[in-house]
Amino acid sequence: MKQFDRREFMRMGGQLALAMGLGAGATPRIAEGLEALASGTAPVIWLQGQSCSGCSVSFLNSRAPSPFAVLTQFISLRFHSTLSTATGHLAMEVLHKSLQEGGHLLVVEGSIPAGMPRACVMGEEPMTELVKTAAKNAKAVVAIGTCASFGGVPAAENNPTGAIGVPDFLVKEGITTPALRLPGCPAHPDWLVGTLAYVLKVGLPELDKLARPVMFYGRLIHDQCPRFADYERERFAEKFSEDGCLFKLGCLGVSTNADCTYRHWNRGANTCIKAGAPCIGCASPTFAAKANLPFYLKGVASVTEGA
Ligand code: SF4
Ligand code: SF4
């Protein structure tokens, strides 16, 4: 397996600092953060609650070599609900040993079934109890994805499990470990890697009132949109595949904070709006909250009609 040297950590730290919108002066600290993650001095425990594992898949969909390769190949990932090689009792023993040692960073993917604890169990232990124990001993808790951040799809209207986001669950349980939110369905790998490296070597990043790092969620998608000039000139697309602002097709970029249009997805390939799809607000606190809210508006009918 490839080993990275100091120079490579510096190069990757520079790339990541740039992606985080930080100046070149931040490179050494971000590089040190990556090195600490890779060396095992900063163990990470990754639990999954009510989730589809999409944020894990997104996290693994990364360019190599890159900061993400450091994490996927070398991160001291003590436990991951789906990636850990150990299974059954052995996996639970590893988890509990790590929890007792403490000092870890806790990443939680998926919401917490606060109203029905046995809706989500691991090794016969309710996720509610595992998250409580893991959070109490953690340096910080990172809620990755919209489900962990705000409840997301599992908390949609009429869900019987009482699903809530992780930070809200911790408040409810009186747990004061710092917790931050990285919403998105799924979350972008940069958001997680950058946040972990920053927390380790610099401290908690600046957060907005919803505990999201400002460096990733500080601006509306609308304000950074490549179709913003069309919006200003009231040139609206009436159907998918048309040029123009996607507002009339239901675009929620006007009310969603994230840097997708700048950052791009799938190894830098593209992003929703550039690909012609309205933003469905997957990083928004209200994503999927209402049973009757369609992702798209009349464009769906238009496409059908034109088919
Ligand atoms: S496509 Fe969406 S985000 Fe872009 S300008 Fe139009 S409404 Fe705003
Ligand atoms: S553009 Fe909107 S729907 Fe697409 S990933 Fe970003 S927040 Fe989610």
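The values are calculated or read from the model by the stated rules, or taken from the named source; none is laboratory data. Computed from a prediction, not measured in an experiment: that's the story for all the values here. Every residue, glycine among them, receives a Cβ derived from its backbone with ideal geometry; neighbour counts consider all protein chains shown.
Observations on the structure shown:
- Screening Leu90 on (1) hydrophobic (A, V, I, L, M, F, W, C); (2) within 21 Å of the chain's Cα centre (by Cα); (3) surrounded by fewer than 16 Cβ atoms within 10 Å (Cβ to Cβ) shows it passes everything except condition (2).
- Taking each residue of region 249-265 that is under 14 Å from Arg212 (Cβ atoms) and in a loop (DSSP other than H, G, I, E, B) and looking for partners that are more than 8 Å from ligand 1 (Cβ to nearest atom) and aliphatic (A, V, I, L, M) with beta-carbon atoms closer than 7 Å, six or more apart or interchain, yields Thr256/Ala283; Ala258/Ala283.
- Evaluation of Thr195 against the conditions (1) touching a Pro at 6+ places or on another chain (Cβ under 8 Å); (2) among the β-branched types (Val, Ile, Thr); (3) surrounded by fewer than 21 Cβ atoms within 10 Å (Cβ to Cβ) shows that the sole unmet condition is (3).
- The set of residues from region 59-69 being assigned to a helix (DSSP H, G or I) and either at pLDDT below 55 or over 14 Å from His80 (Cβ atoms) (or both) comprises Pro67, Phe68, Ala69.
- Residue match in region 252-269 (condition: surrounded by fewer than 18 Cβ atoms within 10 Å (Cβ to Cβ), more than 20 Å from the chain's Cα centre (by Cα) and outside the structural domain of Thr177 (by TED's automatic domain parsing)): yes
- Every residue from region 202-226 that is within 16 Å of ligand 1 (Cβ to nearest atom), part of a helix (DSSP H, G or I) and surrounded by 15 or more Cβ atoms within 10 Å (Cβ to Cβ): Tyr217, His222, Gln224
- Being away from ligand 1 (no atom under 14 Å from the Cβ), in contact with a helix residue (DSSP H, G or I) (Cβ under 9 Å, 6 or more places away or on another chain) and small (Gly, Ala, Ser) holds for only one residue in Ala187, Ala258, and it is Ala187.
- Meets criteria (crowded, with 17+ Cβ neighbours inside 10 Å, at pLDDT 75 or above and among the β-branched types (Val, Ile, Thr)) for Ile30: yes
- Checked against the criterion of being over 24 Å from Asp190 (Cβ atoms) and within 18 Å of the chain's Cα centre (by Cα), region 111-118 has at least one qualifying residue.
- When the test is whether a residue is at positive phi, in contact with a helix residue (DSSP H, G or I) (Cβ under 6 Å, 6 or more places away or on another chain) and away from ligand 2 (no atom under 11 Å from the Cβ), Gly244 passes it.
- Qualifying residue in region 299-307 (condition: at pLDDT below 95 and within 15 Å of ligand 2 (Cβ to nearest atom)): yes
- Asp208, sole failed condition from (1) within 16 Å of ligand 2 (Cβ to nearest atom); (2) farther than 22 Å from Leu180 by Cα; (3) out of contact with any strand residue (DSSP E or B) (no Cβ under 6 Å at 6 or more places or on another chain): (2)
- Checked against the criterion of being of a type in the set (A, V, I, L, M), assigned to a loop (DSSP other than H, G, I, E, B), within 15 Å of the chain's Cα centre (by Cα) and buried (at least 22 other Cβ atoms within 10 Å of the Cβ), region 172-192 contains one or more residues that satisfy it.
- Residues in region 237-248 that are part of a loop (DSSP other than H, G, I, E, B) and either over 26 Å from the mean Cα position of the chain (by Cα) or assigned by TED's automatic domain parsing to the domain that holds Asp208 (or both): Ala237, Glu238, Lys239, Phe240, Ser241, Glu242, Asp243, Gly244.
- Filter result for Tyr198 (modelled with pLDDT of 95 or more and either within 16 Å of ligand 2 (Cβ to nearest atom) or not in a loop (DSSP other than H, G, I, E, B) (or both)): no
- Members of region 227-236 found to be among the charged types (D, E, K, R) and either away from ligand 2 (no atom under 16 Å from the Cβ) or part of a helix (DSSP H, G or I) (or both), listed by number: Asp230, Glu232, Arg233, Glu234, Arg235
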